[in-house]
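Following: one structure in structure tokens, then a few remarks.
The values are calculated or read from the model by the stated rules, or taken from the named source; none is laboratory data. None of these values were measured; they are calculated from a predicted model. Note that each Cβ is placed from the backbone with ideal geometry, even for glycine, and that neighbours are counted across all protein chains shown. To get the accessible areas, we keep the full protein, side chains included, count just its heavy atoms, and leave off ligands, DNA and RNA. Shrake-Rupley method; radii C 1.70, N 1.55, O 1.52, S 1.80 Å.
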Amino acid sequence: MAALHHLVLPHRLLSGHGPPPVLRFSRRPRPLLHLLPCAAAAATRASAAATAVTAPSDAALQDFRRWLSSQGAETGSVAPAVVPEGLGLVAARDLPRGEVVAEVPKKLWLDADAVAASDLGRVCGSGGDLRPWVSVSLLILREAARGGDSLWAPYLAILPRQTDSTIFWSEEELLEIQGTQLLSTTMGVKEYVQSEFDNVEAEIINANKDLFPGTITFDDFLWAFGVLRSRVFPELRGDKLALIPFADLINHNGDITSKESCWEIKGKGFLGRDTVFSLRTPTEVKSGEQIYVQYDLDKSNAELALDYGFTEANSSRDSYTLTLEISESDPFYEDKLDIAELNGMGETAYFDVVLGESLPPQMITYLRLLCLGGTDAFLLEALFRNKVWEHLELPVSRDNEESICQVIQNACKSALAAYHTTIEEDEELLEREDLQSRQQIAIEVRVGEKKVLEQINDIFKEREQELDDLEYYQERRLKDLGFIGDNGDIIFWES
């Protein structure tokens with residue numbers, strides 16, 4: 001795993017103020033399959049190089065269509081088809097915006113109810129100690145092992161064995177994202193999946209050879225995890241996790257910017273007793289064209305690469321996460337933690353900096369709190385507890401502000417040094433026409449991260465040059481007391 005970029009304030013800046021606060025450049029902890037990202041097919045046209053997914057045969061697609069029809073799914077307006085992304089949903093006729101194009105009955109969903117109703121139910125229980133994604137992953141593997149005897153055999157037959165998600169990259173391919181936050185996140189996710197696999201391998205898979213007669217490897221389990229991670233819709237998470245065959249074939253298009261949901265779960269039939277997943281068109285679609293959705297407007301390119309295996313050439317997708325921590329060795333640890341918690345924050349704070357956008361609200365305020373010490377420590381006294389955050393929203397002292405500027409700049413330089421290419425070299429590589437899809441993903445992620453790091457560095461470099469022009473706490477306080485005027489001149493009184 002790539003090392004996280006740790007940097008602490010140099011002691012010379014603290015003037016003996018005690019242990020420096022911790023600043024770490026790393027991805028914020030992300031929810032895994034118990035808090036899944038939005039639905040997805042294997043890839044997207046958003047990436048200039050389409051995912052190299054082996055398309056299913058015509059016979060397999062025909063079996064899948066027949067299976068859907070025989071099981072009561074209504075898909076007359078659209079059809080699954082081979083598209084540049086792999087598989088997608090293509091309109092059979094002109095479709096207006098908001099038209100229902102598919103309804104998939106609940107009996108076809110792979111979810112906790114399907115686990116409970118299967119022969120896995122007796123070992124997984126009605127939830128038990130297993131996370132929902134683990135139970136559903138085991139169901140996928142169990143049904144795949146059953147072959148043609150499985151209810152979901154025609155669906156499982158068209159699923160890709162992997163996508164361009166970074167969890168499927170080789171060690172050589174992962175070297176292309178050396179130094180990135182994406183590499184650390186990818187390795188962390190794989191370690192998490194490995195730990196879950198180790199548990200279920202011993203307690204469920206090996207203990208129930210009647211259900212898993214063949215060998216189930218970590219790669220098999222990782223594949224099932226990847227299927228769920230890339231194909232489950234956003235609100236179907238936690239205990240509601242559900243994989244919806246057919247609907248999950250819909251691909252992403254970055255041109256769709258609406259956050260309006262394109263699906264719903266509703267009742268149908270007599271008294272609405274039959275539950276179906278209903279899919280609608282988010283935009284008008286011409287006959288023969290693909291139906292697309294927006295997976296998630298808020299995901300960064302690193303998150304898109306991890307979850308789905310693509311990136312977008314969109315600066316709003318380029319971001320970098322700054323992690324700030326109140327050090328437990330800080331002599332003012334308890335006071336700083338109390339102040340942070342009183343203002344809706346905690347011991348650790350995550351700030352996502354997006355290319356071309358302002359710094360996140362409260363980031364500088366939190367930095368000032370971390371660096372507070374020495375002659376500024378009086379602001380940590382209980383007397384100021386209800387007002388200190390308000391004071392921290394403005395510069396406290398020159399030393400405090402200088403500490404912030406220097407530590408951020410040093411951290412940016414340290415992080416940039418971890419990459420094995422420059423921005424200019426990456427931009428030249430992106431002009432090549434022979435790039436493989438995973439190469440392009442790697443280059444776009446790392447160049448985006450580096451641009452954000454340079455942006456952060458420039459912001460604080462410019463701020464450092466303006467330190468003499470800033471108004472600090474003591475000056476503001478003297479103005480409030482009437483000892484100096486608005487222009488900074490001392491006011492004298494005659495008796």
Conditions first: (1) open to solvent by 50 Å² or more (accessible area, probe 1.4 Å); (2) assigned to a loop (DSSP other than H, G, I, E, B); (3) free of Cβ contacts under 8 Å to residues at least 60 places away in the same chain; (4) of a type in the set (Val, Ile, Thr). Ile256 passes all but one, so which condition is the exception? (1)
Do the conditions hold for Ala224, that is, is it among the small types (Gly, Ala, Ser), more than 19 Å from Ala305 (Cα to Cα) and either open to solvent by 20 Å² or more (accessible area, probe 1.4 Å) or part of a helix (DSSP H, G or I) (or both)? no
Helices (runs of 4 or more DSSP H) (entirely within the stretch 103-206) containing at least 1 residues that are under 20 Å from the mean Cα position of the chain (by Cα): 132-146, 171-174, 181-200
Considering the stretch 56-77, residues that are surrounded by 19 or more Cβ atoms within 10 Å (Cβ to Cβ) and modelled with pLDDT of 95 or more, and then whichever is farthest from Thr275 (Cα to Cα), we arrive at Leu61
Taking Phe218, is it in contact (Cβ under 8 Å) with a residue 24 or more places away in the chain, within 15 Å of Arg142 (Cα to Cα) and open to solvent by 10 Å² or more (accessible area, probe 1.4 Å)? yes
Just to be sure, is Ser414 among the hydroxyl-bearing types (Ser, Thr, Tyr), under 19 Å from Thr311 (Cα atoms) and open to solvent by less than 80 Å² (accessible area, probe 1.4 Å)? no
Take Lys259 and tell me if it is touching a Ser or Thr at 6+ places or on another chain (Cβ under 9 Å) and farther than 27 Å from Ser437 by Cα. no
Restricting attention to the stretch 290-301, does a residue exist that is in contact with a Leu (Cβ under 8 Å, 6 or more places away or on another chain), farther than 23 Å from Ser184 by Cβ and open to solvent by less than 20 Å² (accessible area, probe 1.4 Å)? yes
List pairs: first in the stretch 454-468 and within 12 Å of Arg398 (Cα to Cα), second assigned to a loop (DSSP other than H, G, I, E, B), Cβ under 9 Å, 6+ apart or cross-chain? Arg463/Leu470; Leu467/Pro395
Given the criterion in contact with a His (Cβ under 8 Å, 6 or more places away or on another chain), open to solvent by less than 10 Å² (accessible area, probe 1.4 Å) and of a type outside the set (Gly, Ala, Ser), identify the matching residue among Tyr366, Tyr320, Tyr308. Tyr308
